[in-house]
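Accompanying notes for the structure given below.
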Amino acid sequence: MYKKLAKYYDLIYHWKDYEKEAYSIKNLIKKYKKSDGNQLLDVGCGTGKHLECFLDEFSCTGIDINNEMVEVAKAKFKDAIFEQGDMIDFNLKTEFDVILSLFSSIGYVKTYSNLEKTMLNFKNHLKKGGVLIIEPWFTKSAYWVGTPGMTTYDGKDVKIARLNTTKIEGDLSIMEMHYLIAEKDKDIIHFADTHELGLFETDKTLDFMEKAGLKAEFLKDGLMEDRGLFIGVKL
Ligand SMILES: C[S@@+](CC[C@H](N)C(=O)[O-])C[C@H]1O[C@@H](n2cnc3c(N)ncnc32)[C@H](O)[C@@H]1O
């Protein structure tokens, strides 16, 4: 997943207002963070589009499982540290004042057992009073099963079409995504990625956060429609 896409990721998500989202998150950090420092970690950081908006106020680190995404981020931002790692069990041997995991990256841990481990790992990387902000994937009832999706990018030298199907198997949402990319002076390329994300219930996520040692809360109105935001503060 995301390997062949890394180079085109920022184009396919050209519609996303990262700056506006970062502004809302900064306000939440001001409200909830009790620790004194400004060390910020973005987990599942992708190409670093959110981190870019925090560089003015925070010392930023990004981690992503996908080395291709990490390489794109590293090439763009010299003022941040980027590492390859799995959110379930990475160990950066340091604690942060803020941990973010946005645009539903958390869903990729797939199972409740992995979600529980991930919450513990996040807690272990937080300072006392530090804040965790997670933008989840959908719950089962909010997921639009069966509905096909389409996203396009229409640039002068690059044109992208992504079509996907949506299925549910147990607690997993499965999206088969097909990309067609036409680029100036190149042959058209086609590739497919299967994305499997856990459809986690809100109460269960809150339970895992509390069990890990965080004071947890869910905000229904988050950054994107129907996703909400989890906030945890390390006790
Ligand atoms: C939808 S993208 C979001 C990227 C970025 N946060 C953004 O807002 O543009 C999901 C990201 O999660 C990463 N990811 C998936 N599973 C992961 C895991 N187990 N640990 C760390 N990153 C993971 C993917 O490689 C991808 O970059």
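The values are calculated or read from the model by the stated rules, or taken from the named source; none is laboratory data. Source: prediction; values computed, not measured. Counting neighbours? That spans all protein chains shown, and the Cβs are built from the backbone with ideal geometry, glycine included.
Data for the structure
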{"item": "Residue match in segment 181-191 (condition: of a type in the set (Lys, Arg), outside any strand (DSSP E or B), over 27 Å from Lys33 (Cα atoms) and within 21 Å of the chain's Cα centre (by Cα))", "result": "no"}
{"item": "Segment 120-135, residues that are under 13 Å from Ile231 (Cβ atoms) and either within 14 Å of the chain's Cα centre (by Cα) or assigned to a helix (DSSP H, G or I) (or both)", "result": "Phe122, Leu132, Ile133, Ile134, Glu135"}
{"item": "Flag for Ile65 being under 15 Å from the mean Cα position of the chain (by Cα) and of a type outside the set (Asp, Glu)", "result": "yes"}
{"item": "Gly222 vs. criteria surrounded by 18 or more Cβ atoms within 10 Å (Cβ to Cβ), within 30 Å of Asn38 (Cβ to Cβ) and modelled with pLDDT under 95", "result": "yes"}
{"item": "The listed residue being touching a Gly at 6+ places or on another chain (Cβ under 7 Å) and modelled with pLDDT of 95 or more, out of Leu55, Leu28, Leu51, Leu41", "result": "Leu51"}
{"item": "Asp64 being out of contact with any helix residue (DSSP H, G or I) (no Cβ under 6 Å at 6 or more places or on another chain), assigned by TED's automatic domain parsing to the domain that holds Phe208 and of a type outside the set (Val, Ile, Thr)", "result": "no"}
{"item": "Flag for Leu100 being within 14 Å of the chain's Cα centre (by Cα), assigned to a strand (DSSP E or B), within 11 Å of the ligand (Cβ to nearest atom) and under 22 Å from Leu229 (Cβ atoms)", "result": "yes"}
{"item": "Number of the exception - Met119 against (1) touching a strand residue (DSSP E or B) at 6+ places or on another chain (Cβ under 8 Å); (2) over 20 Å from Gly232 (Cβ atoms); (3) of a type outside the set (Phe, Trp, Tyr)", "result": "(2)"}
{"item": "Strands (runs of 3 or more DSSP E) fully within segment 19-94 counting 2 or more residues that are in contact with a Cys (Cβ under 7 Å, 6 or more places away or on another chain) and within 12 Å of the ligand (Cβ to nearest atom)", "result": "59-64"}
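This table checks each residue for (1) buried (at least 21 other Cβ atoms within 10 Å of the Cβ); (2) free of Cβ contacts under 8 Å to residues at least 24 places away in the same chain.
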residue	(1), (2)
Asp86	no, yes
Asp97	yes, no
Ser113	no, yes
Lys140	no, no
Thr152	no, yes
Leu163	no, yes
Lys167	no, yes
Leu172	no, no
Glu176	no, yes
